Amino acid sequence: MSAALGLFRLQQVDRQMDQAQVRLSAIQKTLENDAELRAALEQVGKTGETHRQMERTLREAEALVKTQQVKIEQAESSLYGGQVHNPKELQDLQNEIAALKRFRSTLEERQLDAMLEIETTQAALQAAEAALQGLQSRRGSEQIQLIEEQASLAHTLERLGAERQAIVSDVTSLALESYERLRQKSRVAVAEISDNSCSACGTTLNAALQQTARSTLQVSHCPTCNRILYAA
C-alpha cells in the first residue's frame, strides 16, 4: 500500500468520525433538554430488572418447595411402607418428617413472600411503562429514535477508532505529522488527482509529480495548496 493511499484512507475514516461526532453532539444537546424522558426510561429499566429478579426468586422458591416435598414423600414412604420395624428407627423417621415439614413451611412462606413481591413489582413496572408511554405519546417517537441513534453512533465511533488505529500503524510518523498538520488547517489534507489536476485547488500537475504520488514510499504535495496528492 502506498503512503498516499494510507493517508487517503485515514482521511476517509477521520471524516466519518468527524460527522459522527458532530451528530452525537447535536443529539446530546437535544436529549439534555428532555431530562423527563430519560428519567422515565431509566425508571422502566430499573423496575423491569427488579421484577425479573423477583421472578427468578419465585422460580427458585418453587423449586425448593418441590424438592422438599419429594424428601417428605420419600421419608413417609419409608415410615409407612413396612420396611422399618425398629421403634427407634421409626421414631427417628417421624422426627425427620416433622423437621422436613417445618422447613417446607418456611420455604412456602418464602414462596408466598416472593409471589406478593412480584405483584408489587409488576404493578410498579406497569405504572412506569404507562408513564413512559404517556410521555412518548406527547413527545412522539423522536426522542426514542435519537437515543437509539446515539447508541448506534457510539458503536460506529468505536469501530472507526479501531480502523483508524490499524491504518495509522502502517503510516510513517513523518507522513502522519504532515497529514495532521494539513488537516488542522483545512480539514482536507489529502487531495485526489483527477483529470491530471489537484481535486482540491484545480492546479494542473505534471507527469513526474503524478508518478511520485503513486510511489509506495514517497508522499508528494500539490505545488499550489500543499495538500498531499493521492493517485487512484
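FYI, it's all coordinate maths here, none of it is from the lab. Every value quoted in this text rests on a predicted model; they were computed, and no experiment measured them. Every residue, glycine among them, receives a Cβ derived from its backbone with ideal geometry; neighbour counts consider all protein chains shown.
Of all the options 74, 145, 12, the one that moves most in a Gaussian network model of the chain with Cα springs shorter than 10 angstrom is 74. Each listed q (0.20, 0.24 Å⁻¹) maps to a log10 I(q)/I(0) for region 93-176, found by the Debye formula over equal Cα scatterers with no solvent: -0.98, -1.07. Can you tell me how much longer the chain between residue 173 and residue 112 gets when fully stretched, taken as 0.36 nm per residue apart minus their C-alpha distance, in nm with one decimal? Here the answer is 15.1 nm. Rounded, prolate or oblate: which fits region 34-140 when a ≥ b ≥ c are the square roots of the eigenvalues of the alpha-carbon gyration tensor, with rounded for a/c under 1.5 and prolate only if a/b beats b/c? Taking the square roots of the gyration eigenvalues as a ≥ b ≥ c, region 34-140 is prolate. Taking the charge dipole of the chain about its Cα centre, with +1 at Lys and Arg Cβ atoms and -1 at Asp and Glu Cβ atoms, the residue from 194, 207, 41 reaching farthest to the positive side is 207.
Give me the percent of Cα-Cα pairs in the chain that sit more than 25 Å apart, rounded to a whole number. When all Cα pairs of the chain are counted, 68 percent exceed 25 Å. Segment residue 180..residue 158, full-extension length gain: 5.9 nm, with 0.36 nm per residue of separation and the alpha-carbon distance subtracted.
Against the chain, whose longest principal axis comes from its Cα atoms, helix 3-32 is set at around 50 degrees. Between the helical axis of 87-139 and the longest alpha-carbon principal axis of the chain there is an angle of about 40 degrees. Relative to a virtual label point 7 Å from the Cα of residue 210 in the Cα→beta-carbon direction, which members of region 1-31 show backbone nitrogen distances below 18 Å? Answer for region 1-31: 4-5.
Could you please state, rounded to a whole Å, how far the C-alpha centre of region 181-218 is from the C-alpha centre of region 1-33? That distance is 22 Å.
When the Gaussian network model of the chain links Cα atoms closer than 10 Å, the mean-square fluctuations of 53, 184, 136 top out at 184. Taking the C-alpha atoms only, the angle from helix 35-80 to the longest principal axis of the chain is near 30 degrees. Normalised by the number of residues in region 34-140, the mean separation of alpha-carbon contacts (under 8 Å, six or more apart) gives a relative contact order of 50 percent.
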